[in-house]
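Asks: Starting off with a structure, shown below.
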Amino acid sequence: NAGVMQNPRHLVRRRGQEARLRCSPMKGHSHVYWYRQLPEEGLKFMVYLQKENIIDESGMPKERFSAEFPKEGPSILRIQQVVRGDSAAYFCASSRGSSGANVLTFGAGSRLTVL
Amino acid sequence: KNEVEQSPQNLTAQEGEFITINCSYSVGISALHWLQQHPGGGIVSLFMLSSGKKKHGRLIATINIQEKHSSLHITASHPRDSAVYICAANFGNEKLTFGTGTRLTIIP
């Protein structure tokens, strides 16, 4: 029973390139959350998704960032035209139901470095 | 405004000591989570609670809804407990608000 799988674990991009981060939730979990941890800072909520639906994207930057959780396949966080300030650890978590009533399971994170 | 504050920011203790990490929040919540972030960066969920007390091994989490306060205790601390401990609150929605973390170092 694999946990939350994130890949790639480490990603290096040059300014202006695109970054795609993938997250496969734990089996039986239909709620997916993305969080960002900037260097030396705390975790910040980005987006909450269920299958084929974005439920809350209030933590996502208005431009260049998008997320999806298709019917088949992993959830994807996409960052277009990356800038140095996007360098961070991006964590995905999943739960069986609402995070107000269910424990979250976190992935190992994807560490993005923008050169 | 939905806020979560943790104290202390840093805590160093000798092996075997009883550890307490505190978390306060600004308004009513539906749940409070305690997380552990290892030196390598991975995050493990320790507890999710909305009332009372939970225990898992040497870890105990309590919450006082009236005082808007939660504590994480570690009994018989061990160097392998060295990590950053983070509390996070659900303020009635799915958007977790995180504390800044408490960096715990246990010296052998």
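Here, each number is a calculation from the coordinates, and none is a lab measurement. Bear in mind the structure is a predicted one, so any value in this text is a computation, not a measurement. So basically every Cβ, Gly included, is an ideal-geometry build from the backbone, and we count neighbours across all protein chains shown.
Asks: Take the Cα of A:Glu72, step 7 Å along the line toward its Cβ, and report every residue of segment A:21-54 whose backbone nitrogen sits under 15 Å from that point.
Replies: From segment A:21-54, the list is A:52.
Asks: For an R0 of 41 angstrom, estimate the FRET efficiency from the Cβ-Cβ distance between B:Gln14 and A:Glu63 and round to the nearest 0.05.
Replies: Result of the calculation: an efficiency of 0.25.
Asks: If you don't mind, another one. So if R0 is 22 Å, what FRET efficiency would B:Asn22 and A:Ala2 give, r being the distance between their Cβ atoms, rounded to the nearest 0.05?
Replies: 0.05
Asks: If the limit is 23 Å between Cα atoms, which of B:Lys55/B:Lys95; B:Lys1/B:Lys55; B:Lys1/B:Lys95; A:Lys27/A:Lys51; A:Lys62/B:Lys1 go over it?
Replies: Over 23 Å Cα-Cα: B:Lys55/B:Lys95; B:Lys1/B:Lys55.
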